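In what follows, a structure is listed as C-alpha cells, so that the remarks can point back to it.
The values are calculated or read from the model by the stated rules, or taken from the named source; none is laboratory data. None of these values were measured; they are calculated from a predicted model. Counting neighbours? That spans all protein chains shown, and the Cβs are built from the backbone with ideal geometry, glycine included.
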Amino acid sequence: MPKNREKKHFTSFFEYLLINPHIYQSIRVVRAKSTQPLTIKETIMYSIGLAMRLRPNAYAEYKQAHDDLWPAIADSMTDNEVSMAIYRLDEHLVIHAVAPTEEDWLKSRQVPILEEWYAYMAQLLETDDEGQIIFAELPEAFAFGMFEEA
C-alpha cells in the first residue's frame, strides 16, 4: 500500500468490496485445454486476493470453523460458482477466490448470515479499534496461464 494512502478498515468483507471497486480489475481469461469452443461464461473469470492476520493461538478454531463452514455460506458460494482457498504462513492468512464474474462473486457475499460469520471471525482475526476485521487487498504481482489478461 502506498505510504500516502490512508489505511481503512471495513465493517464487512462485502463493504470492503463495494468501497474498493479497483480490486475488481482482476478479470482474467481462462485458457481452455479443450479443443471445444467455450461460451463467454466459461472463459471469463473474476479473481481476488486478500490478506488477514490471526489472533494468537486462534488457528485451530479458525481451521475448524472453515472445515465446518456454515451451510448457507457454502450454498451461496456453490450457487454462484465461487471457489476459494485460504493459505496460511504462521499467523498470516491469504484468501484467493475466483468466480465466473464479479457479479457472481458479489451475489455470493449477499447471504444475510455473513454478518454473523464476520462477528465470529472477528474473535479469531485481528481487528481495528471498532472490532472490525482488517482485510488487506493484495495487488497482483504476477499472472500466468489462466490468470493472464487477455
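Looking only at the stretch 80-97, filter to residues that are outside any loop (DSSP other than H, G, I, E, B) and surrounded by 14 or more Cβ atoms within 10 Å (Cβ to Cβ); which one of those is farthest from the chain's Cα centre (by Cα)?
Quick first cut of the stretch 80-97, residues outside any loop (DSSP other than H, G, I, E, B) only: 83-89, 92-97.
The next check asks that each one be surrounded by 14 or more Cβ atoms within 10 Å (Cβ to Cβ); those that pass are 84, 86, 93-97.
Details: MET84: 7, ILE86: 9, LEU93: 11, VAL94: 9, ILE95: 5, HIS96: 6, ALA97: 5 Å.
Result: LEU93.
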Revision key, fill the gap. When (1) closer than 17 Å to MET45 by Cβ; (2) in contact (Cβ under 8 Å) with a residue 60 or more places away in the chain; (3) assigned to a helix (DSSP H, G or I) are applied to ALA143, the one that fails is (3)
Review point. For the subset of the stretch 98-109 comprising residues that are out of contact with any Phe, Trp or Tyr (no Cβ under 7 Å at 6 or more places or on another chain) and surrounded by fewer than 18 Cβ atoms within 10 Å (Cβ to Cβ), which member is farthest from ARG53 (Cα to Cα)?
Key: GLU103
Review point. Taking GLU42, is it of a type outside the set (S, T, N, Q), assigned to a helix (DSSP H, G or I) and at pLDDT 95 or above?
Key: no
Practice item. Please name all residue pairs, on different chains or six or more residues apart, with Cβ atoms under 6 Å, provided the first residue is in the stretch 88-109 and is farther than 27 Å from PRO56 by Cα and the second residue is among the hydroxyl-bearing types (Ser, Thr, Tyr) and part of a strand (DSSP E or B). Key: VAL98/SER47; VAL98/SER83; ALA99/TYR46; THR101/TYR46; GLU102/TYR46; TRP105/TYR46
Check your understanding: Within the stretch 127-150, which residues are buried (at least 16 other Cβ atoms within 10 Å of the Cβ) and either within 19 Å of GLU91 (Cβ to Cβ) or in contact with a helix residue (DSSP H, G or I) (Cβ under 8 Å, 6 or more places away or on another chain) (or both)?
Key -> THR127, GLN132, ILE133, ILE134, PHE135
Practice item. Might you check whether a residue that is farther than 19 Å from SER47 by Cβ and in contact with a Ser or Thr (Cβ under 9 Å, 6 or more places away or on another chain) occurs anywhere in the stretch 101-110? Key: yes
Practice item. Give HIS9, HIS22 a once-over and let me know the one that is loosely packed, with under 13 Cβ neighbours inside 10 Å and modelled with pLDDT under 95. Key: HIS22
